[in-house]
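Engineer: Take this structure, written in structure tokens, and hold onto it; I'll ask about it next.
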Amino acid sequence: MRVLQKAEERSRGFLEPGESVRQVFVAQGGINPWATMWMFAGAVMLGIVARRLAGEAPWLGLPWLLIALVVALLATTRRVVLVTDRAVVTLAMGRWGTTRPNRVVARLPLGTRIGPLSGTYAKVELGGERLWIHKKFHGSAPASAAAPPRR
């Protein structure tokens, strides 16, 4: 995937010299992804109710959606997780849709358990942080960090 390739390339500066990446995947921290979706659904419903009560004022629903968007952005953290030949490295990414890591969140020992991964959003604990891994990245995330090298 292009997103994973970009994340891996941009993460190299956070690795130790000579450290090679075996696997890479992205995850979401902070607010539960399902809560984010319910928040947006609630904002749409509030917008519809406000519009019905106020008559023909279509813009009344917009503030609720903007509030939901801001809350979701502030309550969500984005992570890229690299399984290297030496460790499991979790890096923080920006909130605004970039795949550019900006700091190391955790450096965990090789053999750290990641998973089991099931459902649309698999909930995992890495370095004391609760993360959700979307189903499309389950193939990229190993069950444990002792996975064989990537081909």
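Engineer: Out of (1) of a type outside the set (Lys, Arg); (2) assigned by TED's automatic domain parsing to the domain that holds ILE48; (3) surrounded by fewer than 16 Cβ atoms within 10 Å (Cβ to Cβ), the odd one out for PRO109 is which?
Structural biologist: The number of the failed condition is (2).
Engineer: What are the residues in the stretch 82-102 that are more than 15 Å from the chain's Cα centre (by Cα) and closer than 17 Å to ALA7 by Cβ, if any?
Structural biologist: VAL83, THR84, ALA87, VAL88
Engineer: Also, I was wondering about something else. Could you give me the residue pairs with C-beta distances under 6 Å whose first residue belongs to the stretch 63-84 and is free of Cβ contacts under 8 Å to residues at least 24 places away in the same chain, whose second residue is of a type outside the set (Gly, Ala, Ser) and in a helix (DSSP H, G or I) wherever it lies, and which are 6+ apart or on separate chains?
Structural biologist: TRP64/LEU46
Engineer: Sticking with this one: Which pairs do you get when a residue that is within 25 Å of LEU131 (Cα to Cα), found in the stretch 34-56, comes within reach of a residue that is among the small types (Gly, Ala, Ser) and at pLDDT 75 or above, reach meaning Cβ atoms under 7 angstrom, with the pair 6+ apart or on two chains?
Structural biologist: Close Cβ pairs satisfying both conditions: THR36/ALA72; MET39/ALA68; MET39/ALA72; PHE40/ALA68; ALA43/ALA68.
The values are calculated or read from the model by the stated rules, or taken from the named source; none is laboratory data. In this text the structure is predicted, and so the values were computed from the model without any measurement. For neighbour counting, all protein chains shown are included, and Cβ atoms are generated from backbone atoms with ideal geometry for every residue, glycine included.
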